[in-house]
Amino acid sequence: MRTVFAGEAIQFSYNKKKPVLKGLSLSIGDKQIYGLLGPNGAGKSTLTKVMLGLDKPQGGRLQWFNEHMNASTNRRVGYVPQDLALLYDLSAYENVMFFGKLYDLKGERLKKQVRFALEFVGLWDERNQKPKKFSGGMKRRLNIACGIVHNPDVIILDEPTVGVDPQSRNRILDAIIELNQIGTTVVYISHYMEEVEKICSHVGIIDNGQLLCQGTLNDIIQQYTDQAILKLELQRKTTAYAKQLEQYNVLSTDGNMVEIGIPKNDVGAITVIKDAFGEEVKSFQYISPNLEQVFFKLTKKNLRD
């Protein structure tokens, strides 16, 4: 697979005593949806700025499309920031046109691309309205339209669903999948693990300025998890079963809820535990090995901490 971005041993610091990126290497393949994950302060925002050429690294090298960053490669990359980059005194149409002009689009091509971007995010009928009248989800969709108006080969999306309702979130995720299906490589930065699992083909996890792992979603889950989770709702508080639970790998307890780690693919372990508690079990849920478990294992943190 062709590599669209390659960063090798990237180093960056705002303060020499406290480096932010510590020799980080990252590779993103053509037509991937690459989920970039990391806890707060991991270096995601700084890495994004370095990838976009907004910050210059103090060490290492990076390439876009097998070239050193230049004006031509810059035009092939789009960016949708977490903070809305909208002009509230202009209409939705004028907003997208403004960003199109920044990428040297002109004349009929500019008009065609503005229409494409607004239709793509479902805002063509609202094109003459100003974004101050839009809901949070509509503003996010307009933000995406401004980022894709120049038809980039790669789009970097930083928390594109923050603060939106479920319907808008689903519409945005569907649009991202559709973008990828028409050939766009997507770099997706999110605090929502379920979104990454839903749409991303590849994942990279960073913490403390270093890349901890990267690969296909399935490969990473298989490589870094060795257990599944059985979530039991018991009749009484878990303290009443203290001795009974001693023989199990108890991951967490909360009131009458308990999570027990069991070897993945060991169906027999479920039957053993259910039989051991018998009628004391009100309900149970089997949770397959997932990305959240990988993230916690590697960082010892929850994504939204």
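Listed here are the residues, each with its yes/no results for (1) under 9 Å from the mean Cα position of the chain (by Cα); (2) outside any helix (DSSP H, G or I); (3) surrounded by fewer than 18 Cβ atoms within 10 Å (Cβ to Cβ); (4) in contact (Cβ under 8 Å) with a residue 40 or more places away in the chain.
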{"position": "150", "(1), (2), (3), (4)": "no, yes, no, yes"}
{"position": "155", "(1), (2), (3), (4)": "no, yes, no, yes"}
{"position": "162", "(1), (2), (3), (4)": "no, yes, yes, yes"}
{"position": "168", "(1), (2), (3), (4)": "no, no, no, no"}
{"position": "171", "(1), (2), (3), (4)": "no, no, no, yes"}
{"position": "176", "(1), (2), (3), (4)": "no, no, no, yes"}
{"position": "183", "(1), (2), (3), (4)": "no, yes, yes, yes"}
{"position": "206", "(1), (2), (3), (4)": "no, yes, no, yes"}
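So that you can scan it fast, the table gives a plain yes or no per residue for (1) assigned by TED's automatic domain parsing to the domain that holds residue 21; (2) not in a helix (DSSP H, G or I); (3) not aromatic (Phe, Trp, Tyr):
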residue	(1), (2), (3)
197	yes, no, yes
203	yes, yes, yes
212	yes, yes, yes
233	no, yes, yes
236	no, yes, yes
241	no, no, no
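Please indicate, with yes or no, whether at least one residue in the stretch 45-64 is more than 18 Å from residue 206 (Cβ to Cβ), assigned to a strand (DSSP E or B), at pLDDT 95 or above and in contact with a helix residue (DSSP H, G or I) (Cβ under 7 Å, 6 or more places away or on another chain). Checking the stretch 45-64: at least one residue is more than 18 Å from residue 206 (Cβ to Cβ), assigned to a strand (DSSP E or B), at pLDDT 95 or above and in contact with a helix residue (DSSP H, G or I) (Cβ under 7 Å, 6 or more places away or on another chain). If the condition is being at negative phi, touching a Gly at 6+ places or on another chain (Cβ under 7 Å), of a type outside the set (Val, Ile, Thr) and part of a strand (DSSP E or B), then the stretch 8-34 contributes 8, 11, 21, 22, 24, 25, 26, 34. Annotation: residue 25 fulfils all but one of (1) under 30 Å from residue 298 (Cα atoms); (2) crowded, with 18+ Cβ neighbours inside 10 Å; the unmet one is (2).
Name the residue, out of 164, 77, that is in contact with a helix residue (DSSP H, G or I) (Cβ under 8 Å, 6 or more places away or on another chain), under 24 Å from residue 50 (Cβ atoms) and in the same structural domain as residue 201 (by TED's automatic domain parsing).
Details: 164 fails: under 24 Å from residue 50 (Cβ atoms).
Of the residues listed, the single one that is in contact with a helix residue (DSSP H, G or I) (Cβ under 8 Å, 6 or more places away or on another chain), under 24 Å from residue 50 (Cβ atoms) and in the same structural domain as residue 201 (by TED's automatic domain parsing) is 77.
Of all residue pairs spaced 6 or more apart or on separate chains, those with beta-carbon atoms under 6 Å, a first member in the stretch 59-81 that is more than 19 Å from residue 12 (Cβ to Cβ) and in contact (Cβ under 8 Å) with a residue 12 or more places away in the chain and a second member that is acidic (Asp, Glu) and surrounded by 14 or more Cβ atoms within 10 Å (Cβ to Cβ) are 76/153.
Of all the listed residues (287, 220), the sole one being among the hydrophobic types (A, V, I, L, M, F, W, C), at pLDDT below 95 and under 27 Å from residue 202 (Cα atoms) is 287. Within the stretch 246-268, the presence of a residue that is surrounded by 14 or more Cβ atoms within 10 Å (Cβ to Cβ) and part of a helix (DSSP H, G or I) is excluded. Please go through the stretch 91-140 and pick out each residue that is more than 24 Å from the chain's Cα centre (by Cα), surrounded by fewer than 18 Cβ atoms within 10 Å (Cβ to Cβ) and assigned to a loop (DSSP other than H, G, I, E, B). Scanning the stretch 91-140 gives 91, 103, 104, 106, 128, 129, 130.
Taking the residues in the stretch 74-83 that are in contact with a Phe, Trp or Tyr (Cβ under 7 Å, 6 or more places away or on another chain) and modelled with pLDDT of 95 or more as candidates, determine which candidate is farthest from residue 164 (Cα to Cα).
Initial filter on the stretch 74-83 (in contact with a Phe, Trp or Tyr (Cβ under 7 Å, 6 or more places away or on another chain)): 75-77.
The next check asks that each one be modelled with pLDDT of 95 or more; those that pass are 76-77.
Numbers: 76: 28, 77: 25 Å.
For the stretch 74-83, the residue satisfying everything is 76.
Residue check: is residue 277 outside any loop (DSSP other than H, G, I, E, B), at pLDDT below 90 and not assigned by TED's automatic domain parsing to the domain that holds residue 24? Here the answer is no, as residue 277 does not meet what is asked.
Cβ-Cβ under 9 Å, sequence separation 6+ or interchain: first residue in the stretch 130-148 and under 17 Å from residue 114 (Cβ atoms), partner of a type in the set (Ser, Thr, Tyr) and surrounded by fewer than 23 Cβ atoms within 10 Å (Cβ to Cβ). Which pairs? Qualifying pairs under 9 Å: 130/88; 130/91; 131/88; 131/91; 138/168; 141/168; 147/79; 148/184.
Counting only residues that are within 28 Å of the chain's Cα centre (by Cα) and β-branched (Val, Ile, Thr), which one in the stretch 269-305 is surrounded by the fewest Cβ atoms within 10 Å (Cβ to Cβ)?
Our first condition is that a residue be within 28 Å of the chain's Cα centre (by Cα); within the stretch 269-305, this holds for 285-305.
Narrowing further to those that are β-branched (Val, Ile, Thr): 287, 294, 299.
Values: 287: 13, 294: 23, 299: 19.
Filtering the stretch 269-305 for residues that are within 28 Å of the chain's Cα centre (by Cα) and β-branched (Val, Ile, Thr), the one surrounded by the fewest Cβ atoms within 10 Å (Cβ to Cβ) comes out as 287.
The values are calculated or read from the model by the stated rules, or taken from the named source; none is laboratory data. In this text, all values refer to a predicted model and were calculated from it rather than measured experimentally. FYI the Cβ positions are ideal-geometry reconstructions off the backbone, even for glycines, and counts take in every protein chain you see.
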